[in-house]
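Asker: Here it is, the structure, as structure tokens.
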Amino acid sequence: GYSESFSGGPTVPELILQLLQLEPEEDQVRARILGCLQEPAKNRSDQPAAFGLLCRMADQTFISIVDWARRCMVFKELEVADQMSLLQNCWSELLVFDHIYRQIQYGKEGSILLVTGQEVELSTVAAQAGSLLHNLVLRAQELVLQLHALQLDRQEFVCLKFLILFSLDVKFLSNHSLVKDAQEKANAALLDYTLCHYPHCADKFQQLLLCLVEVRALSVQAKEYLYHKHLGNEMPRNNLLIEMLQARQT
Amino acid sequence: PCQGPAGRPAILYTLLSPSLMAS
């Protein structure tokens, strides 16, 4: 399905238009997370205050992502068991991609923008974050540059996010056909959109999918970092991301 | 506290379960 183009420009696939409508307002997400972070931590711990805040920020960002997924077409039709399987497969990729797109919109190379609106200089990350997190941030910045050069737009971002959500092999799900159909429609919508809107860049679709491979690699590295912090007893108790990390896959 | 299915993250189950969300 396609929308009608009133301006005479290329049309946008209906699936992408629907996804754009589901996209949460960054201001609202920021306000909600800032509100949560201002509440006192339930489990006081020995971590530095900044690291504890970052953990809670990541938890709350993931809760926003779950809220988005629950409103997504197809996903909302699935049983909770299938919904859990999909999110357990891609939670870290969705978090990484959320971070990446925020940096693309932010557009500054020397610093990063947190979901709370705070700007952090990369020199501060280098000085205070430890080498594992610093390397992770730098690797993410390389992907930001790559996607910026590719001119990733909001339409492509929402479609890629949907593709990440539905990237699990359907053999692990009870409702195979619905999910397979969603995967195929999202792929087709992205291909059509890129060909229509970026005819001078014929391989944009393939380039974008290749970037998802790097998102996955980054998410693996991020999970290794989380596990390292967990083993060092540095994570807060009742941390959602650690629970996701430890949960059995599918 | 809410328990997810065996081996599944309980917090995620709570976030996704419609009956739990309604309550």
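The values are calculated or read from the model by the stated rules, or taken from the named source; none is laboratory data. Because the structure is predicted, anything quoted here is derived from the model rather than measured. Please note: Cβ atoms are built from the backbone with ideal geometry, for glycine as well, and neighbour counts cover all protein chains shown.
Asker: Check segment A:49-59 and report whether any residue there is of a type in the set (Gly, Ala, Ser) and surrounded by fewer than 17 Cβ atoms within 10 Å (Cβ to Cβ). If you could, list the steps in order and put the result at the bottom.
Answerer: As a first pass, look at segment A:49-59 and keep what is of a type in the set (Gly, Ala, Ser): A:49-50, A:52, A:58.
Of the ones still in play, those that are also surrounded by fewer than 17 Cβ atoms within 10 Å (Cβ to Cβ) are A:49-50.
Looking for residues that are of a type in the set (Gly, Ala, Ser) and surrounded by fewer than 17 Cβ atoms within 10 Å (Cβ to Cβ), one finds at least one in segment A:49-59, hence yes.
Asker: Is it fair to say A:Arg44 is modelled with pLDDT of 95 or more and loosely packed, with under 14 Cβ neighbours inside 10 Å?
Answerer: It is false that A:Arg44 is modelled with pLDDT of 95 or more and loosely packed, with under 14 Cβ neighbours inside 10 Å.
Asker: Could you list, in sequence order, the residues of segment A:156-178 that are assigned to a helix (DSSP H, G or I) and without any contact (Cβ under 8 Å) to a residue 12 or more places away in the chain?
Answerer: A:Lys171, A:His176, A:Ser177
Asker: Only one residue in A:Ala31, A:Ala69, A:Ala50 is part of a helix (DSSP H, G or I) and at pLDDT below 90, so which one is that?
Answerer: Answer to the selection: A:Ala50.
Asker: When the residues of segment A:95-109 are narrowed to those that are among the charged types (D, E, K, R) and not in a loop (DSSP other than H, G, I, E, B), which ends up surrounded by the most Cβ atoms within 10 Å (Cβ to Cβ)?
Answerer: Among those that are among the charged types (D, E, K, R) and not in a loop (DSSP other than H, G, I, E, B), it is A:Asp98.
Asker: Determine the pairs where a residue that is among the β-branched types (Val, Ile, Thr), located within segment A:131-155, has a partner that is not in a helix (DSSP H, G or I) with Cβ atoms under 8 Å apart, the partner being 6 or more residues away or on another chain.
Answerer: A:Val137/A:Ile112; A:Val137/A:Ala129
Residues checked against (1) within 13 Å of another protein chain (Cβ to nearest Cβ); (2) of a type in the set (Lys, Arg); (3) over 27 Å from A:Gln183 (Cα atoms); (4) surrounded by 14 or more Cβ atoms within 10 Å (Cβ to Cβ):
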residue	(1), (2), (3), (4)
A:Val66	yes, no, no, yes
A:Glu79	yes, no, no, no
A:Cys90	yes, no, no, yes
A:Ser111	no, no, yes, yes
A:Ala129	no, no, yes, yes
A:Leu133	no, no, yes, yes
A:Leu150	no, no, no, yes
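Asker: Which condition breaks for A:Gly107 when tested against (1) small (Gly, Ala, Ser); (2) within 28 Å of A:Gly232 (Cβ to Cβ); (3) away from chain B (no Cβ under 12 Å); (4) touching a residue at least 40 places away in the same chain (Cβ under 8 Å)?
Answerer: Among (1) small (Gly, Ala, Ser); (2) within 28 Å of A:Gly232 (Cβ to Cβ); (3) away from chain B (no Cβ under 12 Å); (4) touching a residue at least 40 places away in the same chain (Cβ under 8 Å), A:Gly107 violates only (2).
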